[in-house]
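Remarks on the structure that follows.
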Amino acid sequence: MNKQLTHFLLKGGRLIDPASAKDGRFDIRVRDGKIDAIGVDLTLNGATEIDVKDQIVTPGLIDVHLHLLKGLGAFGVDPDIFGVGSGVTTVVDAGSAGHTLLNIFRSYVTDNAKTRVLNYINLSTLGGVSGPGYSILADPRLIDEDKIEKAVEANRDIIVGIKIMATGVALGSQGLKPLGRARKLGDTLKLPLLVHIGESWTKDTAPVHVGDVLKYLRPGDIVTHMFTVHPDGLLDGNGKLWPQVRDAKESGMLMDVGHGLHNLNFDVARKVLDQGLHPDGVSTDGHRGNRAGPVYDLPTTMAKLMALGFSLNQVIEMATANAAKLLGRAGDLGTLKVGLPADISVLKLEDREWKAVDSQKGTIPAHQAITPVYAIRGDMIYEPLPIERP
Ligand SMILES: [Zn+2]
């Protein structure tokens, strides 16, 4: 049951907050929706005690790539399903709305969600209305810089970047020209670009070479679907990272997982990770078609990265401190500070054997599972929605 409490104490948990270098037994007291105290063995002071002994307490988890225009096409999912219904307090839509749909997105999704919802505005006027298998950038009239600028300026509080589909099918006869226009727009608006790589939807189009795409990116821009097995990924035919990928990462370009229905492949992930390239953000690419598997939720996606060799602290850092940096929100998200609005996740870490499944139904053994216990925003405490996980 979700509940509202004006004064409560999270008692006895293990707090992991990489942004403030905390890992240990700390209690957290929340009053009137704000963090009132973080400390060892805090007294109740009249607060209601919430026992989180043996559980992990973290800054509110951030899922940096989903499709949240609920009801839109095959993908649009209610943000509270992958959000507070999954122990996650912030979810970020990756380009469902172009400039024409942004006001609808805001009033229909953002303003009605219990979860904080941020946006990457789509470079294409069409946004996600036609689904990913269409040529949404192939006609030069489908990018309208003036209207994008106006939409961004009116919605700066929720816009975190510009989404571009860098696939052969999306770009069509325009080739790389839309990337040049995105580059200019990103510079003008001082927003990072979120670039989708991986040609998942058609075999008829020649894929775009990732090395050509990277030429348009700057430090702080983000490539999503880093572990895709589809053409236009990070690896060459011999399973080696394209040299441009390594150069771009070293120069400060960021990498996101973007699990999704197509784009987390364990074999690719192993090869990429073995060559020293690590993700900055972890995300589900959650939508209506992958909630029941292979994705489930962000905690399960984090546990899959642990099965690939990352530690609990590393995956929590990706979903909190690093995600906040990637979104340009490191000041107010991804860490816990006295005086800030309460934005907290409580998780259960279990030692148990399970099989992690990737987007191509490949499996690897996993020894630990992460499940959500609470998502806390202000004075609201949300319990996760029932879901059958592996
Ligand atoms: Zn996506």
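A few points about this structure:
- Just one of the listed residues (Val84, Val109, Val40) is within 16 Å of the ligand (Cβ to nearest atom) and of a type in the set (Val, Ile, Thr), and it is Val109.
- Some residue of the range 92-107 being assigned to a loop (DSSP other than H, G, I, E, B), among the basic types (Lys, Arg) and at pLDDT 95 or above: no
- Residue in the range 123-141 that is farther than 22 Å from Ala74 by Cα and either free of Cβ contacts under 8 Å to residues at least 12 places away in the same chain or assigned to a helix (DSSP H, G or I) (or both) present: yes
- Tabulated pairs, the range 353-382, first under 30 Å from Gly33 (Cα atoms) and in contact (Cβ under 8 Å) with a residue 60 or more places away in the chain, second part of a loop (DSSP other than H, G, I, E, B) and of a type in the set (Val, Ile, Thr), C-beta under 7 angstrom, 6+ apart or interchain: Asp379/Thr6
- Residue within the range 299-310 that is within 16 Å of the ligand (Cβ to nearest atom) and within 26 Å of Ala248 (Cβ to Cβ) present: yes
- Candidates are the residues of the range 300-348 that are more than 25 Å from Lys271 (Cβ to Cβ) and basic (Lys, Arg); the one that is farthest from the chain's Cα centre (by Cα) is Lys337.
- Among residues of the range 55-81, those that are within 12 Å of the ligand (Cβ to nearest atom) and of a type in the set (S, T, N, Q), counted: 0
- Members of the range 338-390 that are small (Gly, Ala, Ser) and not in a strand (DSSP E or B): Gly339, Ala342, Ser359, Gly362, Gly378
- Test: Val245 is away from the ligand (no atom under 14 Å from the Cβ), β-branched (Val, Ile, Thr) and touching a Leu at 6+ places or on another chain (Cβ under 6 Å): yes
- Qualifying residue in the range 268-275 (condition: away from the ligand (no atom under 12 Å from the Cβ), β-branched (Val, Ile, Thr), within 23 Å of Ile316 (Cβ to Cβ) and outside any helix (DSSP H, G or I)): no
- Residues (among the acidic types (Asp, Glu) and either within 15 Å of the ligand (Cβ to nearest atom) or buried (at least 22 other Cβ atoms within 10 Å of the Cβ) (or both)) located in the range 213-242: Asp221, Asp232
- Test set (1) part of a loop (DSSP other than H, G, I, E, B); (2) more than 19 Å from Leu298 (Cα to Cα) - Gln244 fails condition number: (1)
- Test: Leu9 is modelled with pLDDT of 95 or more and not in a helix (DSSP H, G or I): yes
- Residue check for Ile164: in contact with a Leu (Cβ under 7 Å, 6 or more places away or on another chain) and either more than 15 Å from the ligand (Cβ to nearest atom) or in a strand (DSSP E or B) (or both): yes
- Of the numbered criteria (1) touching a residue at least 60 places away in the same chain (Cβ under 8 Å); (2) more than 12 Å from the ligand (Cβ to nearest atom); (3) among the hydroxyl-bearing types (Ser, Thr, Tyr), the one Tyr120 fails is (2).
- Selected residue (only one of Ala182, Ala206 is part of a helix (DSSP H, G or I) and either surrounded by 24 or more Cβ atoms within 10 Å (Cβ to Cβ) or of a type in the set (A, V, I, L, M) (or both)): Ala182
- Among the conditions (1) over 29 Å from Tyr374 (Cβ atoms); (2) surrounded by fewer than 23 Cβ atoms within 10 Å (Cβ to Cβ), Arg288 misses just one, which is (1).
The values are calculated or read from the model by the stated rules, or taken from the named source; none is laboratory data. Here the structure is a predicted model, which means the values were calculated and not measured. For neighbour counting, all protein chains shown are included, and Cβ atoms are generated from backbone atoms with ideal geometry for every residue, glycine included.
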